[in-house]
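Okay, structure first, notes after.
The values are calculated or read from the model by the stated rules, or taken from the named source; none is laboratory data. Computed from a prediction, not measured in an experiment: that's the story for all the values here. We place every Cβ from the backbone using ideal geometry, glycine too, and count neighbours over all the protein chains shown. Ligands, DNA and RNA are stripped out before the accessible areas are found, and what is left, the full protein with its side chains, is counted by its heavy atoms. Shrake-Rupley method; radii C 1.70, N 1.55, O 1.52, S 1.80 Å.
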Amino acid sequence: MPLVTSKEMFEKAYAGGYAIGAFNVNNMEIIQGIVNAATEERAPLILQVSAGARKYANPTYLKKLVEAAVEESGLPICLHLDHGDSFELCKDCVDKGFTSVMIDASSHAFSDNIKITRNVVEYAHDHGVVVEAELGRLAGVEDDVKVKAEDSSYTDPDQVQEFVEKTGVDSLAIAIGTSHGAFKFKGEPKLRFDILEEVSKRLPGFPIVLHGASSVPQYLVEEINRYGGNMPGAQGVPEEMLRKAAEMAVCKINIDSDLRMAVTATIRKYFNDNPSHFDPRQYLGPARERVKEVVKHKIQYVLGCGGKA
């Protein structure tokens, strides 16, 4: 089975009231942990590569690893560029065989966002690749994406229909109160489900994407700190809120920070218990298993996409 686009995945997810997990990947062990979990759960997958991951691991290496995952698992897997910030970056990923790209021109004026997104859509569609865009701005930090809280903004439902019609985009990331990174809420977490509901009315049947949706498991924060870390307590997005979003119009939920924390907590504990060991396989193997555990939990309790492959 070759790499697939997210088009059919999203159609089924929208109709079925569940979401597809879009997991950020940076190396072989993370890919294996995600795919092993999805194989056991028989879940479709989106594996996504950020600009930072491209710089770290090289997109050709990552694509070959994802192709190996398809061959080994037999799962429908979409290879997606996360937060592409230019036409040139999106074009390069299309040319390198990605099946989905995100153009994030949300920092630009509305009219410029439309123009930049439309250019990407035209090129990608000519090559059989689907496109995600963003309207509204999420606060937080993730790789090269850095938005201060005062510069963030909720998505305006009055703009979504015009944006989708003028760009031809295939899915839309909206801002309803999530944020990138592990440190999200001061006080009670709150998502603007009223905005999500209004957007879904303006765009019936259209797939919506939720970024910044890590739940920040407190047991991982505590474990990292127990073995030499210094992470402050962080309130992530409650999983019941994410599940509610998946039952509405959200067809894709991005998950990254939870995976990073799982890897970091496992490696910190390993070296605390085995300070003289130096074989990377001895600590990356357990980290891979920890990623698998986190992904299985997300599939079962947040996404609801188990058995949908």
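Observations on the structure shown:
- Which listed pairs, of Lys55/Lys166; Lys91/Lys166; Lys91/Lys292; Lys12/Lys115, have C-alpha distances above 28 Å, in listed order: Lys55/Lys166; Lys91/Lys292; Lys12/Lys115
- Within the accessible area of the chain, the carbon and sulfur atoms contribute 49%, probe 1.4 Å, all protein chains present.
- Taking all protein chains as shown and a probe of 1.4 angstrom, Thr5 keeps an accessible surface of around 40 Å².
- Rolling a 1.4 Å probe over the protein chains gives Arg268 an accessible area of about 90 Å².
- In terms of its C-alpha gyration tensor, region 6-120 has an oblate overall shape, because the principal axis ratio a/c (a ≥ b ≥ c, square roots of the eigenvalues) is not below 1.5 and a/b does not outweigh b/c.
- Relative contact order of the chain: 23 percent, from C-alpha pairs under 8 Å at least 6 residues apart in sequence.
- Sorting His125, His80 on solvent-accessible area from highest to lowest, probe radius 1.4 Å, gives His125, His80.
- Cα-based shape type of region 195-309, given that a ≥ b ≥ c are square roots of the gyration tensor eigenvalues and the cut on a/c is 1.5: prolate
- Residues Met241, Met9, sorted by accessible area with the largest first, give Met241, Met9 [1.4 Å probe; ligands and nucleic acids excluded].
- The chain, accessible area per residue, ligands and nucleic acids excluded (1.4 Å, Å²): 43
- From the alpha carbon centroid of region 1-44 to that of region 194-266 is 16 Å.
- Heavy-atom accessible area, probed at 1.4 angstrom with all protein chains present, ranks Lys55, Lys308 as Lys55, Lys308, highest first.
- A probe of 1.4 angstrom, applied to the heavy atoms of all protein chains, finds Cys90 with accessible area near 0 square angstrom.
- Dividing the mean sequence gap of close Cα pairs (under 8 Å, 6+ apart) by how many residues region 192-241 holds gives a relative contact order of 33 percent.
- In a DSSP loop and with at most 10 other Cβ atoms within 10 Å, the chymotrypsin sites (Phe, Trp or Tyr not before Pro) in region 210-309 are Phe278.
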